[in-house]
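**Q** Got a structure for you, questions after.
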Amino acid sequence: MGKLKTGFPDDFLWGGAIACSQADGAWNEDGKGKSTQDCRWLDGSWTHDQIEEKHQNNPFSKAEFEAALLDDGTEYYPLRRGNDFYHHWREDLDLFAQMGLKLFRTSICWSRIFPNGDDAEPNPAGIAWYRELFAACHECGIKTFVTMLHYDIPVNLVTKYGGWKNRKTIEFFTRYVETIVEELGDLVDFWLPFNEFNAGRFAPWDGVCLIADEEGDNLDQQIFQCLHHQFVANARAIQIVHEKCPETPVGGMIARFCTYPATCRPEDNMQALHDDQYANWFYTDVMARGAYPAYMDRYFDKLGIEIQMEEGDEELIAANTVDFLSFSYYFSQVATADQGWEKTAGNLVMANKNPYLESTEWGWQIDPLGLRVTLNQMYDRYGLPLYIAENGLGTADVLEADGSVHDPYRIDYLRKHIDCMREAVIDGVDVRGYMIWGFLDLVSCGPLTMSKRYGVIYVDLDNSGKGSAKRYCKDSYYWYRSCIASNGADLG
Ligand code: BGP
């Protein structure tokens with residue numbers, strides 16, 4: 001028997017997370033090529049309701065893609081602007097260091113390293129920028145948790161090869177991985193090949209760069225074929241890290257949809273099992289257990305999906321499993337065998353609403369206890385170390401005239417989630433790190449706005465990219481500083 005834990009381990013990693021396409025900006029500077037995320041557009045003058053209507057009901061279309069390929073401006077393309085981290089990173093890092101941050105998660109932009117994805121040589125300016133950034137993190141005592149692909153692939157790989165539909169993309173990704181692991185591996189503490197592996201299923205453009213109206217009835221088939229190619233690419237990435245940096249852990253990540261049966265009716269429970277398998281477990285089962293789970297056969301059969309595998313794919317996936325698992329956690333949802341259950345928005349999906357929970361302004365249901373449930377479920381199943389790669393609250397914060405931002409709601413949200421994470425530690429779960437998402441305000445991934453703010457640091461930019469881009473510490477910044485200093489004992 002082990003000894004009962006009473007709180008967070010001494011080396012617990014308190015972190016913050018961003019992603020290049022939502023933060024960096026500088027979309028065409030220093031040799032960077034256009035990426036798939038540089039193509040998503042928004043009219044920044046729209047109201048909240050207009051933006052939500054577009055976001056919820058209009059998946060990225062072929063017409064939007066074609067327009068974006070011809071347009072090299074930034075006015076309608078918020079992800080080309082980000083929060084300008086590319087030019088502000090030194091002062092941002094100072095703020096991170098002053099609060100005692102222990103872990104910084106960001107992603108490498110593939111099109112900053114290989115502007116077209118298929119270039120003969122990498123872009124030295126891209127490598128140099130990441131070396132400077134990661135080295136500076138280490139100088140401040142901050143460990144780096146680096147995502148290799150957070151949705152943005154070089155657009156040329158889509159127009160020329162069809163993106164993840166084509167196995168050639170696995171080769172290009174492999175070369176990109178070899179390059180970044182060789183060039184940056186000494187400065188990376190944790191590697192994460194793919195952000196939210198299950199995104200391809202729920203947000204095809206983000207996850208697997210598929211345009212829904214182009215694929216028509218073939219969409220499901222294409223999604224799972226692309227996902228298979230990503231599983232192979234993921235296994236190659238693991239293999240490369242293990243070969244070149246054997247000391248560095250490499251992990252997997254999903255957007256975790258914690259799922260509760262609506263009632264104790266057996267039918268609802270069966271539904272909850274299936275929802276969990278198809279939305280969550282499938283992805284972590286492949287990455288951690290190294291094989292497609294048996295329950296997917298029936299699902300694929302029902303959807304008429306046939307995955308084309310090549311010889312060696314299954315062996316590669318089996319031989320290269322992850323060292324840790326991580327996930328984003330924002331909400332929970334209800335599973336029911338009934339039709340017509342009330343819906344609400346959630347990260348990447350519309351979810352069945354839980355009457356026991358409150359929602360954010362964007363409809364995501366707040367459920368700290370679901371985080372403890374999730375941690376227990378994932379640890380029970382895999383026994384692997386766990387990291388919460390994203391958690392946080394998106395709200396419309398207000399910058400006061402004196403430069404303060406009062407966000408007691410965010411402090412409340414974080415406190416409750418961290419409390420539940422501590423309970424999970426006492427439950428015996430091996431959770432080693434926690435990263436607040438959107439650590440400094442950035443462009444949201446779904447609605448593409450600055451006004452949905454997650455940060456403990458405020459960035460003075462609006463939905464049209466107007467503003468000073470100055471950074472201001474919110475009340476939650478000081479709160480998190482105390483949390484870190486006390487290793488999670490002082491939650492205010
Ligand atoms: C996750 C993504 C992040 C992030 C977050 C919040 O799916 O990995 O990139 O944006 O969700 O979502 P949103 O920005 O849509 O509020």
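**Q** Run the reach check for residue 34 against lysines, Cα to Cα strictly under 18 Å, same-chain hits fewer than 8 apart removed. What comes back?
**A** By straight Cα distance, residue 34 reaches 62, 160.
**Q** Working from the pairwise distances between different alpha carbons, so that the mean of 1/r is found and then inverted, what is the range 13-485's Kirkwood radius in Å?
**A** On the way: mean 1/r = 0.0447 Å⁻¹.
Evaluated over the range 13-485, this radius sits at 22.4 Å.
**Q** Placing +1 on the Cβ of each Lys and Arg and -1 on the Cβ of each Asp and Glu in the chain, which of 137, 226, 173 has its Cα farthest towards the positive end of the resulting dipole?
**A** 137
**Q** Separate question: Kindly state, to the nearest 0.05, the FRET efficiency for residue 309 paired with residue 213, given R0 = 25 Å and r defined as their beta-carbon distance. Show your work: numbers first, answer last.
**A** Details: r = 28 Å, r/R0 = 1.11.
About 0.35, to the nearest 0.05.
**Q** For residue 359, which sequence-distant residues (separation of 5 or more, or a different chain) have an amide H within less than 5 Å of its own amide H, given hydrogens modelled in the peptide plane?
**A** Those lying under 5 Å, H to H, from residue 359 are 366.
**Q** Also: Based on the Cβ-Cβ distance of residue 299 and residue 267, what FRET efficiency does E = 1/(1 + (r/R0)^6) give at R0 = 22 Å, to the nearest 0.05? Display every interim value, and only then the final one.
**A** Numbers: r = 18 Å, r/R0 = 0.81.
Here the calculated transfer efficiency is 0.80.
**Q** Return the aspartates and glutamates within reach of residue 5: Cα separation strictly under 20 angstrom, same-chain partners fewer than 8 residues apart disregarded; answer none if there are no such residues.
**A** Result set, ordered by chain and number: 380, 419, 423, 427, 430, 490.
**Q** Given Cβ point charges of +1 (Lys, Arg) and -1 (Asp, Glu) and nothing else, what value in debye, to the nearest 20, does the dipole of the range 13-485 about its Cα centre take? Don't skip to the answer; put the middle values down first.
**A** Numbers: 42 positive and 72 negative charges, 150 e Å.
Here the range 13-485 has a charge dipole of around 720 debye.
**Q** Now for a different question. Go through the cysteines of the chain and tell me which have no other cysteine Cβ under 4.7 Å away.
**A** 39, 137, 140, 209, 226, 245, 258, 264, 420, 445, 473, 483
**Q** Exceeding 30 Å between C-alpha atoms, which entries from my cross-link table qualify? They are 143/452; 32/244; 3/244; 102/474. Write down the numbers at each step before the final one.
**A** Working: 143/452 27 Å; 32/244 26 Å; 3/244 36 Å; 102/474 19 Å.
Cα-Cα > 30 Å for 3/244; rest within.
**Q** In whole angstrom, how far apart do the alpha carbon centroids of the range 328-373 and the range 417-433 sit?
**A** Result: 21 Å between the Cα centres.
**Q** Based on DSSP H runs of at least 4 residues, each adding -39500 (n - 2.57), what is the mean residue ellipticity at 222 nm of the chain after dividing by all its residues, to the nearest 500 deg cm²/dmol? Before the final figure, lay out each step's value.
**A** Details: 19 runs with 197 residues, N = 492.
Rounded to the nearest 500, it is -12000 deg cm²/dmol.
**Q** Here is a follow-up. Once Lys and Arg get +1 and Asp and Glu get -1 on their Cβ, which of 15, 451, 159 lies farthest toward the positive end of the dipole of the range 13-485?
**A** 15
**Q** For the chain, what does the relative contact order come out to in percent, with C-alpha contacts under 8 Å and a separation of six or more? Could you put the intermediate results ahead of the total?
**A** Numbers: 970 pairs, mean separation 88.8, N = 492.
Result for the chain is 18 percent.
**Q** Here's another thing I want to ask about it. Which residues make up the longest stretch of the chain clear of trypsin sites (Lys or Arg not before Pro) that lie in a DSSP loop with no more than 15 other Cβ atoms within 10 Å, not counting the sites? Don't skip to the answer; put the middle values down first.
**A** Values: sites that count: 3, 5, 466, 470.
Answer from the scan: 6-465.
**Q** Pull out the extension gain between residue 319 and residue 71, defined as 0.36 nm times the separation in residues minus the alpha carbon to alpha carbon distance; nm, one decimal. It would help to have the intermediate numbers written out before the result.
**A** On the way: separation 248, 0.36 × 248 = 89.28 nm, distance 4.37 nm.
This chain segment gains 84.9 nm when fully extended.
None of the figures in this text is laboratory data; all of them are computed from the coordinates on show. Predicted model, so just to flag it, every value in this text is computed and none were measured. Neighbour counts are summed over all protein chains in view; Cβ atoms, including those assigned to glycine, are modelled from backbone coordinates with ideal geometry.
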